[in-house]
Amino acid sequence: MSDKQTMAVYAQAAEDYAKGFARTKDTVHDRDYATFVAGLPDGGTVLDLGCGPGHWAARFRDEGYHVTAMDASPEMARYAKDTYGIDVTVATFEDIDTTARYDGIWAFFSLLHAPRTDFPGHLLRLHRALKPGGMLALGMKLGTGERRDTLGRFYTYYSEDALRALLAEAGFEVLGARCANGKGLAGARETFVVLTAHA
C-alpha cells in the first residue's frame, strides 16, 4: 500500500493509533487470533502483513512463533521497534516475493487499503508465500466501492461473498468468517469481516 495520503495519515497518527488500538490482548479479536493460531504448528512461521504498531507481531513472538513483521509506514515500524522490540521490514504488498515460506499470514485490516484492481494479485502473492496448507487471516471492512474516510485514508470495500470468491480464485479454501461492528481511528462505526482460509 503506497497511497501517499493514507501514508501521511499514519505518519502523523502513528502514536495515537497505537495508543487507541494496539493491544497485545485484544478481546474484540481474541477469537480471530485463536482460530488462526489453531491452524499453525508449534513455533511456526508467521508474516504479520501491515503490522502497524507491532502489537500482534509481539503477541505472536511472545507465544513462541517466529514472526516476520512488515509495514509500509516507517513511523509505524519505528513505534513497533521502540515499544515492542519488533524489527519491521518497511515494504509494500508488492514486495512479497517469497515462495512457501510461512505457516501463516496475518493480514489484519491492511489489504483494505489496496485498490480493487491490485487486490487479486496481492492474494496470489500471499498464496505463493504460504506453505501448502498454510493459514491466512484476512480482516476487511464490508461495503461497496472505493473511497476515503474523514481522515483521508483510502479504502476498498467488499461484500463477504466477493471476498470468498476472490480467495477461491487465488487458490485458498475458506474455512470460516466472522462479522462484527467496530469503531476505527476516524471514529466511524463500520462492519468488518475476518475470514480464515488455508492455501
Response to the item:
Residues of the stretch 75-118 being at positive phi, in contact with a strand residue (DSSP E or B) (Cβ under 8 Å, 6 or more places away or on another chain) and not aromatic (Phe, Trp, Tyr), in sequence order, are 100
Discussion item. Yes or no: the stretch 122-133 includes at least one residue that is small (Gly, Ala, Ser) and closer than 26 Å to residue 180 by Cβ.
Written reply: no
Practice prompt. Mind listing whichever residues of the stretch 142-199 are in contact with a helix residue (DSSP H, G or I) (Cβ under 9 Å, 6 or more places away or on another chain), under 18 Å from residue 36 (Cα atoms) and of a type in the set (D, E, K, R)?
Written response: 173, 178
Worksheet item: Hey, any hits in the stretch 84-93 for a residue that's open to solvent by 10 Å² or more (accessible area, probe 1.4 Å) and in a helix (DSSP H, G or I)?
Response: yes
Item to complete: Test residue 60 against the stated conditions and say whether it is crowded, with 24+ Cβ neighbours inside 10 Å, touching a strand residue (DSSP E or B) at 6+ places or on another chain (Cβ under 8 Å) and hydrophobic (A, V, I, L, M, F, W, C).
Response: yes
Worksheet item: Given 116, 78, 125, 61, which one is assigned to a loop (DSSP other than H, G, I, E, B) and among the charged types (D, E, K, R)?
Response: 116
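Would you call residue 18 in a helix (DSSP H, G or I), at pLDDT below 90, among the aliphatic types (A, V, I, L, M) and surrounded by fewer than 23 Cβ atoms within 10 Å (Cβ to Cβ)?
On the way: in a helix (DSSP H, G or I): yes; at pLDDT below 90: yes; among the aliphatic types (A, V, I, L, M): yes; surrounded by fewer than 23 Cβ atoms within 10 Å (Cβ to Cβ): yes.
Yes.
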Worksheet item: Applying the selection to the stretch 34-58, what residues are in a helix (DSSP H, G or I) and within 22 Å of residue 125 (Cα to Cα)?
Response: 36, 37, 56, 57
Practice prompt. Filter the stretch 151-199 down to residues that are modelled with pLDDT of 95 or more, assigned to a loop (DSSP other than H, G, I, E, B) and among the small types (Gly, Ala, Ser), then give me how many there are.
Written response: 4
Worksheet item: Which one is surrounded by the most Cβ atoms within 10 Å (Cβ to Cβ) among residues in the stretch 71-83 that are of a type in the set (A, V, I, L, M) and more than 16 Å from residue 60 (Cα to Cα)?
Response: 76
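Among residues belonging to the stretch 138-150 that are open to solvent by 40 Å² or more (accessible area, probe 1.4 Å) and either of a type in the set (Val, Ile, Thr) or part of a loop (DSSP other than H, G, I, E, B) (or both), point out the one that is farthest from residue 4 (Cα to Cα).
This residue is 144.
The values are calculated or read from the model by the stated rules, or taken from the named source; none is laboratory data. This is a predicted model, so every value here is computed, not measured. So basically every Cβ, Gly included, is an ideal-geometry build from the backbone, and we count neighbours across all protein chains shown. In case anyone asks, the SASA skips ligands and DNA or RNA and just uses the protein heavy atoms, side chains included. Shrake-Rupley method; radii C 1.70, N 1.55, O 1.52, S 1.80 Å.
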